[in-house]
Amino acid sequence: MADVDAGATPAYDRMKEVKEFDESKVGVKGLADSGITSIPRFFVHPPETISDLKKPSQACTTKSIPVIDLAHLKYSPLEQQKLVAEIKEATATWGFFQVINHGVPVSVLDETINAIGAFHDQPQEVRAKHYKRQDSHGVMYATNNDLYRAKAATWHDTLAVWLSPEKVRAKEEEIPEICRKEVLAWESHATKVAEALLELLSEGLGVEAGRFKELGFLARKLLVGHCYPYCPRPDLTVGITSHTDSGLTVLLQNQVAGLQVKHGDEWVNVKPIPGALTINIGDFIQIISNDNYTSVEHRVLANPCKDPRISVVIFFNVGNRGDSEYFGPLEELVSAEKPRLYRKFTVQESQKNFLSKGLDSKSIIEQFKLPREAEKSA
């Protein structure tokens, strides 16, 4: 290695700084609590990422994601048809929507948010006991699951709890006691909401109501409890970079804003609605629907507020098929008029794609999209 000239600034060793931060186990919550007025260099994003960052007050305020009332779910055939049509339209045009009157008591929503907030609000030395990078099973608490893969870190900490399949499910005693009861209760409530929505999504495609469940979209569940603490330089970093999800996502958030959805060329704020749940579909569902539904980019801004943004997310992904079994557009949705748009692929292929890099935008869609000339012959 070449010597550094006397008086010259030593070369920046990003990986060394990342490793020191990770091994300190303080997380971004610890940095925020320490009263810092700047952020470590490895959190700073390149100009192409931060150039279009818009504060909630600057993003598109004339548009909002659809809000769907589930009060009439299975109330009558006519009401059911209206609900299916609403969900189909929202998922085809936005990929995101909020649901109200979903059957989960407000007290449960509040208890869940408060419990995850309480975990992140514990003294640093208590949180540190849970800090580890144990990906894909049990319980993990860390800053950024892609900290070592991403080009720049993002301003959030995460408690991740794997809920299914059984071989990766966290043991009850592994879940931090301060939020254990609420995590397990939320799994049950969120799964019921997800199952109802998957049935509506299936019906929107004109297939049997249980089709998405048969494909295994309730078989793999991961709960993440994100904390976006105050960031002293929200103009230089983000809470989570722009990305898409995989399957069906059920999000519970507190009243601190920050989530934005890309609609066309605009970033649109997702305004927290008390008592509502935010739903979005991911790349797998877009592919299986043969583009009848759309998976859209979304991101979370770095939090400029003193109060932390807390969100509790359960990802419902395929998980009951072997590595040799293939996914692709449903055969019922492929015709001469609407040819197959994607090649078939295995879950293992998609996971390899994700684990090879940090969060990004629609990489699975791009990887498995067929060239136009190949669509008819696939």
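The values are calculated or read from the model by the stated rules, or taken from the named source; none is laboratory data. This one's a predicted model, so the numbers in the text were calculated from it and none came from an experiment. Here the Cβ positions follow ideal geometry from the backbone for every residue, glycine too, while neighbour counts run over all protein chains shown. These area figures cover heavy atoms from the full protein model, side chains too; ligands, DNA and RNA do not enter into them. Shrake-Rupley method; radii C 1.70, N 1.55, O 1.52, S 1.80 Å.
Somewhere in segment 260-283, is a residue more than 19 Å from residue 157 (Cα to Cα) and among the aromatic types (Phe, Trp, Tyr)?
Checking segment 260-283: at least one residue is more than 19 Å from residue 157 (Cα to Cα) and among the aromatic types (Phe, Trp, Tyr).
Show me the strands (runs of 3 or more DSSP E) entirely contained within segment 49-163 in which 3 or more residues are closer than 30 Å to residue 319 by Cα and among the aliphatic types (A, V, I, L, M).
139-143
Which of the residues spanning segment 227-242 are part of a strand (DSSP E or B) and either open to solvent by 20 Å² or more (accessible area, probe 1.4 Å) or free of Cβ contacts under 8 Å to residues at least 24 places away in the same chain (or both)?
Within segment 227-242, 230, 241, 242 meet the criteria.
Scan segment 139-155 and report the pairs whose first residue is under 19 Å from residue 119 (Cβ atoms) and whose second residue is acidic (Asp, Glu) and open to solvent by 10 Å² or more (accessible area, probe 1.4 Å), with Cβ atoms within less than 8 Å and a gap of 6+ or a chain change.
139/174; 142/22; 143/22; 145/135
Being over 20 Å from the mean Cα position of the chain (by Cα) and without any contact (Cβ under 8 Å) to a residue 12 or more places away in the chain is the filter; apply it to segment 178-226 and report the residue that is farthest from residue 110 (Cα to Cα).
Filtering first and then ranking leaves 208.
Does residue 66 fit the bill of being open to solvent by less than 40 Å² (accessible area, probe 1.4 Å) and farther than 30 Å from residue 32 by Cα?
yes
Name the pairs whose Cβ atoms lie under 6 Å apart, with the first residue in segment 14-35 and under 14 Å from residue 133 (Cβ atoms) and open to solvent by less than 60 Å² (accessible area, probe 1.4 Å), the second part of a helix (DSSP H, G or I) and not hydroxyl-bearing (Ser, Thr, Tyr), and 6 or more positions between them or separate chains?
Close Cβ pairs satisfying both conditions: 18/42.
I'd like the full set of residues that are over 23 Å from the mean Cα position of the chain (by Cα), within 12 Å of residue 153 (Cβ to Cβ) and not in a helix (DSSP H, G or I), limited to segment 28-48.
Selection gives 39, 40.
Would you please name the residue that is surrounded by the fewest Cβ atoms within 10 Å (Cβ to Cβ), looking only at residues in segment 126-147 that are on the phi < 0 side of the Ramachandran plot and polar (S, T, N, Q)?
Ranking the qualifying residues of segment 126-147, first place goes to 134.
Kindly provide the set of residues from segment 160-186 that are crowded, with 17+ Cβ neighbours inside 10 Å and of a type in the set (Asp, Glu), ordered by number.
182
For segment 75-92, which positions are open to solvent by less than 60 Å² (accessible area, probe 1.4 Å), at pLDDT 95 or above and not small (Gly, Ala, Ser)?
83, 84, 87, 91
Out of (1) surrounded by fewer than 22 Cβ atoms within 10 Å (Cβ to Cβ); (2) on the phi < 0 side of the Ramachandran plot; (3) out of contact with any Ser or Thr (no Cβ under 9 Å at 6 or more places or on another chain), what's the single condition that is false for residue 218?
All conditions pass for residue 218, except number (3).
Can you name every residue in segment 47-67 that is more than 11 Å from residue 235 (Cα to Cα), at pLDDT 85 or above and not β-branched (Val, Ile, Thr)?
48, 63, 64, 66
If I filter segment 253-273 down to residues being open to solvent by 60 Å² or more (accessible area, probe 1.4 Å) and not in a loop (DSSP other than H, G, I, E, B), which single residue comes out as farthest from residue 224 (Cα to Cα)?
Applying the filter and picking the extreme gives 266.
Could you tell me which of the residues 352, 338, 362, 344 is modelled with pLDDT of 60 or more, buried (at least 16 other Cβ atoms within 10 Å of the Cβ) and among the basic types (Lys, Arg)?
So the residue among 352, 338, 362, 344 that is modelled with pLDDT of 60 or more, buried (at least 16 other Cβ atoms within 10 Å of the Cβ) and among the basic types (Lys, Arg) is 362.
Going through segment 278-319 one residue at a time, which ones are surrounded by fewer than 22 Cβ atoms within 10 Å (Cβ to Cβ), aliphatic (A, V, I, L, M) and part of a strand (DSSP E or B)?
Result: 313, single match.
Take residue 202 and decide whether it is among the small types (Gly, Ala, Ser), touching an Asp or Glu at 6+ places or on another chain (Cβ under 7 Å) and assigned to a helix (DSSP H, G or I).
Judged against the criteria, residue 202 is a match.
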